[in-house]
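Q: I have a structure I would like to understand better, so I am pasting it below and will then ask my questions one at a time.
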Amino acid sequence: CLEQLMEETCVLSQTYQTAARRCGGRTARLLSSLLPSLGQDQRRLCAAYFLITGERYTPAAQAVPLSGAAPWQLRSLFMLEQQRAAKLSDLATGTSGDPCLRELFRELEHTARLRAGRIRALLEQM
């Protein structure tokens with residue numbers, strides 16, 4: 001499940017980058033400002049993977065193409081973050097044997113919800 005999460009995080013980061021390039025102004029600045037938190041999520045997942053397996057894993061995922069004007073792209077990113085938060089919540093609930101991993105999933109869920117909230121706030125201002 002960590003490999004899949006790392007792949008999904010990589011895809012989400014690349015999708016944010018692509019959307020930021022396609023959008024302009026305030027939208028591009030917001031999306032760019034959210035990229036460091038995705039990078040941190042990726043590093044945390046990679047560290048957990050290394051601690052569990054003793055091996056390094058490098059994701060090779062591709063960005064999800066988003067279509068439409070900026071509001072539609074923001075809606076898509078919001079939905080991706082909501083789905084990510086729900087998945088991380090489920091993983092945290094199902095991880096009873098490793099309290100560190102459960103805590104990591106909860107923290108990642110929180111950051112996904114924060115990013116979704118920032119996107120929602122931007123849409124409210126449009």
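The values are calculated or read from the model by the stated rules, or taken from the named source; none is laboratory data. Here the structure is a predicted model, which is why all the values come from computation and not from measurement. Here the Cβ is made from the backbone with ideal geometry for all residues, glycine too, and neighbour counts use every protein chain on show. To get the accessible areas, we keep the full protein, side chains included, count just its heavy atoms, and leave off ligands, DNA and RNA. Shrake-Rupley method; radii C 1.70, N 1.55, O 1.52, S 1.80 Å.
Q: For the stretch 48-66, name all the residues that are over 19 Å from the mean Cα position of the chain (by Cα) and among the small types (Gly, Ala, Ser). Walk me through it before giving the result.
A: Step one: of the stretch 48-66, the residues over 19 Å from the mean Cα position of the chain (by Cα) are 50-56.
Residue satisfying the conditions is 54 alone.
Q: Within the group 55, 107, which residue is among the acidic types (Asp, Glu) and at pLDDT 95 or above? Give the steps one after another, and end with the answer.
A: Details: 55 fails: at pLDDT 95 or above.
None of the others qualify; the one that does is 107.
Q: Within the stretch 3-36, which residues are crowded, with 18+ Cβ neighbours inside 10 Å and aliphatic (A, V, I, L, M)?
A: Those that are crowded, with 18+ Cβ neighbours inside 10 Å and aliphatic (A, V, I, L, M): 5, 6, 12, 19, 20, 30, 31, 34.
Q: If you don't mind, another one. When the stretch 25-47 is examined, which residues are found to be under 16 Å from residue 77 (Cα atoms) and more than 14 Å from the chain's Cα centre (by Cα)?
A: Across the stretch 25-47, the qualifying residues are 26, 27, 28, 29, 30.
Q: Same structure, new question: Just checking, which of 48, 70, 61, 92 is closer than 17 Å to residue 3 by Cα, among the hydrophobic types (A, V, I, L, M, F, W, C), in contact with a Cys (Cβ under 6 Å, 6 or more places away or on another chain) and touching a residue at least 12 places away in the same chain (Cβ under 8 Å)? Step through it out loud before you land on a result.
A: Values: 48 fails: in contact with a Cys (Cβ under 6 Å, 6 or more places away or on another chain); 70 fails: closer than 17 Å to residue 3 by Cα; 92 fails: in contact with a Cys (Cβ under 6 Å, 6 or more places away or on another chain).
Result of the check over 48, 70, 61, 92: 61.
Q: Take the residues of the stretch 108-120 that are charged (D, E, K, R) and either open to solvent by 60 Å² or more (accessible area, probe 1.4 Å) or outside any helix (DSSP H, G or I) (or both): which is farthest from residue 40 (Cα to Cα)? Write out each step before concluding.
A: Within the stretch 108-120, the first condition is being charged (D, E, K, R), and the residues that meet it are 109, 113, 115, 118, 120.
Applying the additional criterion that residues be either open to solvent by 60 Å² or more (accessible area, probe 1.4 Å) or outside any helix (DSSP H, G or I) (or both) yields 113, 118, 120.
Details: 113: 15, 118: 17, 120: 21 Å.
Ranking the qualifying residues of the stretch 108-120, first place goes to 120.
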